[in-house]
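Novice: To start, I am sharing the structure in question, which I have written as C-alpha cells.
Taken together, the values in this text are just the output of simple stated rules run on the coordinates, not laboratory data. It should be emphasised that the depicted structure is a prediction, and the values quoted were computed from it without experimental measurement. Please note: Cβ atoms are built from the backbone with ideal geometry, for glycine as well, and neighbour counts cover all protein chains shown.
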Amino acid sequence: MLHPLMSDGRLVERMATGDRGAHQEFADRHRQSVYAQVYAMLIDPTAAEQVVVETFDRAWRSAQEFNPRAGSPLAWLAEIARELAERRKHAVTR
C-alpha cells in the first residue's frame, strides 16, 4: 500500500507516470466493485474475472488519457469495465 489517504485521482496521476505501485493500489482498492459490476452483466465468474483483468490493464495503458474534469477515477474505471463487459457479452451472443 502506497499511502492509505492517497486519492484515486492521485493514484491515476502516478499511474500515468509509470508508477506500478500506484496501479497495484488502485486495483486493490477497486477490484471487488469492478468484479461485482461486471459479474452482474455477464453472470459468469470466469468471464467476469477476465474482464476485471482487462479493465485494470486498460486503465494502466490509458492513465495518461484520464481527464479529471470529465468525471471521477471510479466513474472512468466503471466505464472501461462496462465497455469491456458489453463487448464480451456481444461476442458470446454472436
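Novice: Could you give the size of the charge dipole of the chain about its Cα centre, using +1 on the Cβ of each K and R and -1 on the Cβ of each D and E, expressed in debye and rounded to the nearest 20?
Specialist: 140 debye
Novice: Using only the Cα atoms of the range 27-74, build the gyration tensor, take square roots of its eigenvalues as a ≥ b ≥ c, and label the shape rounded, prolate or oblate: rounded if a/c is under 1.5, else prolate if a/b is larger than b/c, else oblate.
Specialist: prolate
Novice: Considering every Cα-Cα pair within the chain, what fraction, in whole percent, is farther apart than 15 Å?
Specialist: Roughly 56 percent, once rounded to a whole number.
Novice: Would you mind ranking Arg29, Arg69 by Cβ crowding within 10 Å, fewest neighbours first?
Specialist: Arg69, Arg29
Novice: Here's something else I'd like to know. Mind sorting His90, His23 by how few other Cβ atoms lie within 10 Å of their own Cβ, fewest first?
Specialist: If I rank by nearby Cβ atoms, fewest first, I get His90, His23.
Novice: Quickly work out the Arg82-to-Asn67 label distance, labels modelled 7 Å from Cα along the C-beta direction, and quote it in nm with one decimal.
Specialist: Spacing of the two 7 Å Cα→Cβ label points: 1.7 nm.
Novice: For a footprinting-style exposure proxy, rank Leu74, Leu11, Leu5 by other Cβ within 10 Å, fewest first.
Specialist: The most exposed by this proxy come first: Leu5, Leu74, Leu11.
Novice: Also, I was wondering about something else. Could you tell me which of Gln24, Ala47, Trp60 has its Cα farthest along the dipole of the chain towards the positive end, charges placed at Cβ (Lys, Arg +1; Asp, Glu -1), taken about the Cα centre?
Specialist: Of the options given, the answer is Ala47.
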